[in-house]
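Inspection log for the structure reproduced underneath, given as structure tokens.
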Amino acid sequence: MTANIPRALRSPLPRSPQTRRLSVLGLVCAGFALLFGSLQHWGLEGVTEMEFFAEDLILRQGRLAPVDSRLVFVAIDQPSYVSFFSEEEMRKDPALRMASKNWPWSREVWSIAIERLVAAGARVVALDLVFAAEGPGDDALRATVERHADRVVLGADIVVSEQDSGSSTNVLIPPSSVLRTQARHPLLDPRLGVITQEPDMPGSVIRRARFRSGDELRALIGPDAHAESLAARMLRQGGLAERIPAGEELMRFRFLSPPGNGVSRVPLLQILHTPSWEAAFGRTGFFKDKWVIIGPAAPIFHDEHRSPFGENMLGPEVHLNILNAASGGEFIRSTSVLGSWLLTLGAGLVAWTLSWRAPKLMQRFALAALCLAAYGLAAWMLYSVHGAGSRFIPIFAPAFTLGSATMFTLVWDFSLARREKARLRRTLERYVGKDVVRELIDNPDSYLNSLVGVRKPVAILFSDVRGFTSMTEEANARLLVKQLNEYFQEMVDKVVVNRGRLDKFIGDAVMADWGSFVSGGTSIDCERAVVSALQMRAALPALNARWSSEGLKPLAIGIGVNLGEVIVGNLGSDENMNVTVIGDAVNTASRLESLTKQYQVDLLLGESIAEQVRDRFTLRSVDCVKVAGKSRPVEVFTIPPEAGDAKVRFDWLDAHERGVRLYRERRFVEAMAAFREALSMRPDDALLQLYIDRCAHLLAHPPDASWSGVFEMTKK
């Protein structure tokens, strides 16, 4: 492993040949988003509503329509004015007397209001009301309407009626026959205008207006005729018929600024109360050439509609906005289906370009956000243009395309990076431990910091093949390498499965550790190291059985495990470096592995690690040893093979432990008896026979006072 690998891992995402497929994938994603965006033109409610919502954001920040000073809203702000005046005043003023009664009032009230407004010079007076049934005062209102037929517009309504079959039909609600002309159809009366507001979807926001009847109205009035909206009738009555948009499609109009829309608002009471009328309007000329809409404003009338500004707008105010837009030509054109497709495709191409030119994650995000902001600014500027050049370009579809395609390419880049990391991980794991690879790839910064050297408590395991040198002189080289690789694979698997780190192979020896990079805590690291050693011991007989059947010699191993503070660092030269552990604990683990031959056991544990796992495993005292290179003796233990990884009690082990204690107390006769008792239960135990021989020797040659029972290892 070379020293410059960590720096390479911190470079931008790899630009391997695989990443060239991003171009195709980006276009596929863009095509999908293109289809998704164009669905708004095919009536998909969710997509259309999202597009309208995006346009509303532009509308709120963009240019609003200037107010036509000719517009006046006469607001019916009370359903009754009974509490406003005394009985004497109401007796003197017929209009007040009629308006003091509960709603609906006598039609004569509207006759008086129209007469006064027309007399004051109003050019058009429209009633945003539907007098569907005959009522008191019809004759007076009819006479007034006929007298001022070129200045008055009455309202007609169209409602949707749900049928039992689940279908719906349009139902016309015109003024009563007393108030209208005898035209072939009520909607063909030039004094009637449709007051129905058409939201973009049921219960949705009103953004567009229809000035002439569409197919749904033509079914009511015949194929060769058309009805007009309240605003269209007012334009025609006011002499501005040329301002009525041609065609029957819904027109997106530019709103005035809410609330109040900037239009002059006059309470109906000021029109009906003679003294107030005379004082405020009678001689001022306020209503001269004005376009007046009389309509409900009190909450009790429930004549409110959702607006793009997030606020409800009164029905008459909506009509005033439509009329204001038509008189000033403040309509907003929409982009064609082809134009929307091209803009959406362009957004996909931008995302594709960013996937090539901006390999870094944050850079690509920033550029995509900048492109979205620039597109939003362009949309705002096009909306704010005055006159025929004003238009809405699609916002949601291109933004969705750019965002989704960018995210798709980022996810794809990320998956490629993960795949590259996995490939690199598999390659490196063939040469270094998995924990080193994990730190190197997943946490390069922390890994680099550790390379300077850090002290840690680490559990170390050494495993070595017995008599391997003589085997190399006799065995077939190819078969021996194959056998050794199979052995290494099995042993390393036991290390890895127990979260250990393979440090290195030293010829036929395996060195592993726990806690150098990944640690579960000292006691857990020690337990994992011992479990690995026990699993190595348990796996070897099956390997030997297979090798014997193949004509290969069986292997015997010795394992030494120790715990201690070591230095973890990256050692080597500029050409080749290796992450490893060094220190006295490492040397002791190696010496313990060598001592297994001396005591004819396959596993030895050092004193420090034995203390950590004493309550978890069945330990057997082996000896107190002064290993080569150390001045302080070390207590050495093993784990009986029959105990496995459990805590088990054996009678022979009790006798053995008693014999070791007596041996160290220089009570050699009693110790020999205890060892012989254990040997009777466990014949052919080499360690018991070793102690019996020692006791016999010490009885024949009694030691001096300096004898402490410590065995001194003179060779490594």
Report summary line: Given the conditions (1) at pLDDT 75 or above; (2) surrounded by 16 or more Cβ atoms within 10 Å (Cβ to Cβ); (3) under 60 Å from the mean Cα position of the chain (by Cα), every one holds for Pro186 apart from (1)
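Evaluate the stretch 101-116: report whether one residue or more is of a type in the set (A, V, I, L, M), closer than 29 Å to Gly328 by Cβ, outside the structural domain of Phe396 (by TED's automatic domain parsing) and outside any helix (DSSP H, G or I). Lay out the reasoning, then the answer.
First pass over the stretch 101-116, keeping only residues of a type in the set (A, V, I, L, M): 109, 112-114.
Remaining after also requiring closer than 29 Å to Gly328 by Cβ: 113-114.
Next cut, outside the structural domain of Phe396 (by TED's automatic domain parsing) only: 113-114.
Retained after the next criterion (residues that are outside any helix (DSSP H, G or I)): none.
Within the stretch 101-116 (the criterion being of a type in the set (A, V, I, L, M), closer than 29 Å to Gly328 by Cβ, outside the structural domain of Phe396 (by TED's automatic domain parsing) and outside any helix (DSSP H, G or I)), the answer is no, since none of the residues qualifies.
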Query - Selection count where residues are of a type in the set (Asp, Glu), modelled with pLDDT of 80 or more and over 13 Å from Ala156 (Cα atoms), scope the stretch 203-242 - result: 1
Requested in this report: May I ask you to say which residue of Ala610, Ala585 is in contact with a strand residue (DSSP E or B) (Cβ under 8 Å, 6 or more places away or on another chain) and modelled with pLDDT of 95 or more?
Outcome: Ala610
**Report entry** Residues being assigned to a helix (DSSP H, G or I) and of a type outside the set (S, T, N, Q) - total across the stretch 674-716
**Finding:** 21
Query raised in the report: Before we move on, is Glu439 part of a helix (DSSP H, G or I), acidic (Asp, Glu), closer than 30 Å to Ala512 by Cβ and at pLDDT 75 or above?
Result: no
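Quick check: anything in the stretch 124-138 without any contact (Cβ under 8 Å) to a residue 40 or more places away in the chain, over 18 Å from Val263 (Cβ atoms) and assigned by TED's automatic domain parsing to the domain that holds Trp291? Full working, then the answer.
The first filter runs over the stretch 124-138 and keeps only residues without any contact (Cβ under 8 Å) to a residue 40 or more places away in the chain, leaving 136-137.
Remaining after also requiring over 18 Å from Val263 (Cβ atoms): 136-137.
Retained after the next criterion (residues that are assigned by TED's automatic domain parsing to the domain that holds Trp291): 136-137.
Yes: the stretch 124-138 contains one or more residues that are without any contact (Cβ under 8 Å) to a residue 40 or more places away in the chain, over 18 Å from Val263 (Cβ atoms) and assigned by TED's automatic domain parsing to the domain that holds Trp291.
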Report summary line: Checked pairs for the stretch 512-523, first in contact (Cβ under 8 Å) with a residue 12 or more places away in the chain, second in a loop (DSSP other than H, G, I, E, B) and not hydroxyl-bearing (Ser, Thr, Tyr), C-beta under 6 Å and 6 or more apart or across chains, list as Ala512/Gly500; Trp514/Gly500
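Quick grid of which residues meet (1) aliphatic (A, V, I, L, M); (2) closer than 19 Å to Gln600 by Cα; (3) at pLDDT below 95:
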residue: Glu665; (1), (2), (3): no, no, yes
residue: Ala673; (1), (2), (3): yes, no, no
residue: Glu677; (1), (2), (3): no, no, no
residue: Asp684; (1), (2), (3): no, yes, yes
residue: Ala700; (1), (2), (3): yes, no, yes
residue: Ser706; (1), (2), (3): no, no, yes
residue: Val710; (1), (2), (3): yes, yes, yes
residue: Met713; (1), (2), (3): yes, yes, yes
residue: Lys716; (1), (2), (3): no, yes, yes
Query - the stretch 385-413, subset surrounded by fewer than 24 Cβ atoms within 10 Å (Cβ to Cβ) and in contact with a strand residue (DSSP E or B) (Cβ under 9 Å, 6 or more places away or on another chain), residue nearest to Arg364 (Cα to Cα) - result: Ile393
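Here is a yes/no grid of residues against (1) part of a loop (DSSP other than H, G, I, E, B); (2) among the acidic types (Asp, Glu); (3) out of contact with any strand residue (DSSP E or B) (no Cβ under 6 Å at 6 or more places or on another chain); (4) not assigned by TED's automatic domain parsing to the domain that holds Ala539:
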| position | (1), (2), (3), (4) |
| --- | --- |
| His656 | no, no, yes, yes |
| Val660 | no, no, no, yes |
| Arg666 | yes, no, yes, yes |
| Met672 | no, no, yes, yes |
Query raised in the report: Applying the selection to the stretch 351-399, what residues are in contact (Cβ under 8 Å) with a residue 12 or more places away in the chain, among the hydrophobic types (A, V, I, L, M, F, W, C), assigned to a helix (DSSP H, G or I) and over 21 Å from Leu416 (Cβ atoms)?
Result: Cys371, Leu372, Ala378, Ala379, Trp380, Ala388, Phe396, Ala397, Ala399
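Does Glu565 satisfy being farther than 30 Å from Arg694 by Cα, in the same structural domain as Asp464 (by TED's automatic domain parsing), assigned to a strand (DSSP E or B) and in contact with a helix residue (DSSP H, G or I) (Cβ under 9 Å, 6 or more places away or on another chain)?
Criteria met by Glu565.
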Report task. Give the residues of the stretch 453-477 that are in contact (Cβ under 8 Å) with a residue 40 or more places away in the chain and either polar (S, T, N, Q) or not assigned by TED's automatic domain parsing to the domain that holds Lys597 (or both), sorted by residue number. Result -> Ser463
Query raised in the report: Can you list the strands (runs of 3 or more DSSP E) found entirely within the stretch 442-514 that contain at least 1 residues being surrounded by 14 or more Cβ atoms within 10 Å (Cβ to Cβ) and at pLDDT below 90?
Result: 501-506
Query raised in the report: If you go through the stretch 584-612 one residue at a time, how many are more than 20 Å from Asp508 (Cβ to Cβ), outside any helix (DSSP H, G or I) and without any contact (Cβ under 8 Å) to a residue 60 or more places away in the chain?
Result: 1
Requested in this report: Might you check whether a residue that is surrounded by fewer than 22 Cβ atoms within 10 Å (Cβ to Cβ), among the β-branched types (Val, Ile, Thr) and in contact with a Lys or Arg (Cβ under 7 Å, 6 or more places away or on another chain) occurs anywhere in the stretch 618-625?
Outcome: yes
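The values are calculated or read from the model by the stated rules, or taken from the named source; none is laboratory data. The structure presented is a predicted model; accordingly, all values stated were derived computationally and were not measured. Note: ideal-geometry Cβ built from the backbone for every residue, glycine included; neighbour counts use all protein chains shown.
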